[in-house]
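Participant: Take a look at the following structure, please.
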Amino acid sequence: IACVLSGLPESIIAAACARSGQRVLHVDSRNYYGGNWASFSFSGLLSWIKENQQKTDISDECEDWRKLILENEEVISFSKKDKTIQHIEDFCFGDQDSAEDVEEAGALPKLPVFGASGAEGVAQESEKECPPMESALPEAESWEPEKATGTEPASATEGNDTEITSENESSPSTALGESALELGKTEATPSEISSQEPKKITYSQIVREGRRFNIDLVSKLLYSRGLLIDLLIKSNVSRYAEFKNATRILAFREGKVEQVPCSRADVFNSRQLTMVEKRMLMKFLTFCLDYEQHPDEYQDYENSTFAQFLRTRKLTPSLQHFILHSIAMVSETDCSTLEGLQATKKFLQCLGRYGNTPFLFPLYGQGEIPQCFCRMCAVFGGIYCLRHSVQCLVVDKESGRCKAIVDHFGQRISANYFIVEDSYLSESVCTNVSYRQISRAVLITDQSVLNTDSEQQVSILTVPPVDLGKPAVCVIELCSSTMTCMKDTYLVHLTCPSTKTAREDLEPVVQKLFNLNTEKEVENEELEKPRVLWAVYFNMRDSSGVDKNSYDGLPSNVYVCSGPDSALGNDCAVKQAETIFQEMFPTEEFCPPPPNPEDIIYDEDEIATEESGFSNSPDTKPEPSTEESSGGGSTAVKKEDNEE
């Protein structure tokens, strides 16, 4: 198997193939993992911005590679320019003090830091200076009617970090989290924390603390019962990552940001809703959990929009707004009743598995997920080559199958199957392909969009469009305990399907939620808003949903993976990876669980040693070495980390 580019779908396929015993070569022309799924430090993001603004062609290091092509073969050349990112604009709104001579703390001279890979050393330094609060994750309530009290408690880990376990496993809370909470209370009360004014952050501080940032190119969350979580558990790839619960769901209504009650306890403890509204909301959400059993209640509205259906359910305007934009998270004009009910049910079913919201976020950013699957592939023998571009596919004229690829060194590499990311294909192959675009913005701010007693909040907010027919904007706000930004700052991601350039699509929403004014004299309303310190806007190609038949002249053993889509979850990437794997190997299981260490058969030398009578008895068993005690999987991970 030859995989070109290391995005999420390609990484999942590579891991699945390596796990099933296939030989995998994974190459990427970039010098970081993840492609458009990657995460960057602040200096790495600035380098990425500069690189995409210049848009230089990939030069041929070996010009005579065409001599390797035989008479009965033809080539499909790859694109020499990445056209997936457009309209990049970055702005500094903070105090623009002199930052020319400022370097990242701990950074190597003249070496830009790309991505979050190898960030473990930085993480240890970060934890020393601003450790996340340790707490035992409380048992969350489930919306399942037959399980009013039955929940799946998550493990007690740092900063509400969540250890992903299967349905049959549950990690009990420990006294460590409780004692840590007690210690936290002695340092500062919540009222004292919230009353403190936000610290003044300068641009030079952001540059100096740049390695504290892990900034995602694509902003997503993981549904706690979504396909990606199920795959992480099944394949045991979850051991390579840590996760944090999204702590609150927010809504933007009548010019104000407010919290949406999610769990049963949140609904009844909410001060925003009247008792009548609480009963209305509970009744409707209970109906959504088993709406299939009551078709008579919605079948008359199957051809109507979900918004129109909500108006017939005797719900107040505020409840309709919460359900439409913050729970179902669907379009007011384009979403049918059935789609809205399915989205609401999915939201409710994900509640209570790992916390009081349906979502998890990976520490150090979304870019960790592709790297986790790359680690699994490397553990089972996959070979990785970064900074290794590919010139073309070599196709046999008679059979029509792809035989090999030619790299930038002029080497010909043969394989049976080829996985290619859409951005590598040239215009001649994509003449009949029409792409959508995603508008993205990333902000660094000095405080949260909704201040509460706790500063460490992971929030998701959907801002409805002003004009009907335009897409809503999804806002994800990350705190420093997610290891994606420095202390006393927040990292805010904005995403929506594009109608214009990213700045034209998203700047009106940014102006509603944040203060962009750098002058000292601002209105009182602006003073209450979080201040934007730095921002970047860009458009990203959305190649999801493109049918393989739309590509001209691709051989049957070449499979195309799409880049990130505009959806909040990762289901599209997981479905695509599983579909491609099953097409290549229909009899193989997709990402099966790894073997237990006890079931591993060692090499012939060890077996011969045991048979010759030198096996260790229980009384004389020597102390295991470091490699032996860590087990085969962790040893391979260490080797792979060193290679990175």
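Participant: For Ser326, which of the numbered conditions (1) open to solvent by 10 Å² or more (accessible area, probe 1.4 Å); (2) of a type outside the set (Val, Ile, Thr); (3) part of a helix (DSSP H, G or I) fails to hold?
Facilitator: (1)
Participant: I would also like to ask the following. What residue, among those in the stretch 260-277 that are open to solvent by 20 Å² or more (accessible area, probe 1.4 Å) and not in a helix (DSSP H, G or I), is farthest from Pro358 (Cα to Cα)?
Facilitator: Only one residue tops the list, namely Thr274.
Participant: Hey, any hits in the stretch 221-242 for a residue that's assigned to a loop (DSSP other than H, G, I, E, B), open to solvent by 60 Å² or more (accessible area, probe 1.4 Å) and under 22 Å from Ile476 (Cβ atoms)?
Facilitator: yes
To keep it simple, each residue is scored yes or no on (1) farther than 26 Å from Ala573 by Cβ; (2) hydrophobic (A, V, I, L, M, F, W, C); (3) over 25 Å from the mean Cα position of the chain (by Cα).
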position: Gly382; (1), (2), (3): no, no, no
position: Cys385; (1), (2), (3): no, yes, no
position: Lys397; (1), (2), (3): yes, no, yes
position: Glu427; (1), (2), (3): no, no, yes
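Participant: Only one residue in Thr286, Thr316, Thr305 is under 21 Å from Glu258 (Cα atoms) and of a type in the set (S, T, N, Q), so which one is that? First the steps, then the outcome.
Facilitator: On the way: Thr286 fails: under 21 Å from Glu258 (Cα atoms); Thr305 fails: under 21 Å from Glu258 (Cα atoms).
Step by step, each of Thr286, Thr316, Thr305 is checked, and only Thr316 is under 21 Å from Glu258 (Cα atoms) and of a type in the set (S, T, N, Q).
Participant: Given (1) farther than 30 Å from Ser481 by Cβ; (2) at pLDDT 90 or above, where does Gly410 come up short, assuming only one miss?
Facilitator: Among (1) farther than 30 Å from Ser481 by Cβ; (2) at pLDDT 90 or above, Gly410 violates only (2).
Participant: Another question about this same structure. Which members of the stretch 292-319 meet the condition of being part of a helix (DSSP H, G or I) and buried (at least 17 other Cβ atoms within 10 Å of the Cβ)?
Facilitator: Hits for the stretch 292-319 are Tyr301, Phe306, Ala307, Phe309, Leu310, Ser318, Leu319.
Participant: On to the next question. Considering Glu302, Glu368, which residue is more than 30 Å from Val492 (Cα to Cα) and either in contact with a strand residue (DSSP E or B) (Cβ under 8 Å, 6 or more places away or on another chain) or small (Gly, Ala, Ser) (or both)?
Facilitator: Glu302
Participant: Among (1) closer than 30 Å to Leu281 by Cβ; (2) at pLDDT 95 or above; (3) among the acidic types (Asp, Glu), which single condition is Asp216 missing?
Facilitator: In the conditions (1) closer than 30 Å to Leu281 by Cβ; (2) at pLDDT 95 or above; (3) among the acidic types (Asp, Glu), Asp216 misses (1) alone.
Participant: Would the stretch 356-368 turn up any residue that is in a helix (DSSP H, G or I) and in contact (Cβ under 8 Å) with a residue 12 or more places away in the chain?
Facilitator: So far as the stretch 356-368 goes, yes, one or more of its residues are in a helix (DSSP H, G or I) and in contact (Cβ under 8 Å) with a residue 12 or more places away in the chain.
Participant: From the list Arg271, Arg279, Arg264, which residue is more than 24 Å from Glu332 (Cβ to Cβ) and modelled with pLDDT of 90 or more?
Facilitator: None of the other options fit; the residue is Arg279.
To keep it simple, each residue is scored yes or no on (1) farther than 18 Å from Ala472 by Cα; (2) of a type in the set (A, V, I, L, M, F, W, C).
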residue	(1), (2)
Pro261	yes, no
Leu281	yes, yes
Leu285	yes, yes
Leu289	yes, yes
Tyr298	yes, no
Leu315	yes, yes
Ser326	no, no
Glu339	no, no
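Participant: Let me ask something else about it. Output the residues belonging to the stretch 329-382 that are among the β-branched types (Val, Ile, Thr) and either touching a helix residue (DSSP H, G or I) at 6+ places or on another chain (Cβ under 7 Å) or open to solvent by 10 Å² or more (accessible area, probe 1.4 Å) (or both).
Facilitator: Filtering the stretch 329-382 for residues among the β-branched types (Val, Ile, Thr) gives 330, 333, 337, 344, 357, 369, 379.
Hits for the stretch 329-382 are Val330, Thr333, Thr337, Thr344, Ile369, Val379.
Participant: For Ile413, are the conditions met, namely being open to solvent by 20 Å² or more (accessible area, probe 1.4 Å), out of contact with any Ser or Thr (no Cβ under 8 Å at 6 or more places or on another chain), outside any helix (DSSP H, G or I) and farther than 25 Å from Ile476 by Cβ?
Facilitator: yes
The values are calculated or read from the model by the stated rules, or taken from the named source; none is laboratory data. Computed from a predicted structure; not experimentally measured. Quick reminder, even Gly has a Cβ in these numbers, built from the backbone with ideal geometry, and neighbours come from all protein chains shown. The accessibility values were calculated without ligands, DNA or RNA, using every heavy atom of the protein model including side chains. Shrake-Rupley method; radii C 1.70, N 1.55, O 1.52, S 1.80 Å.
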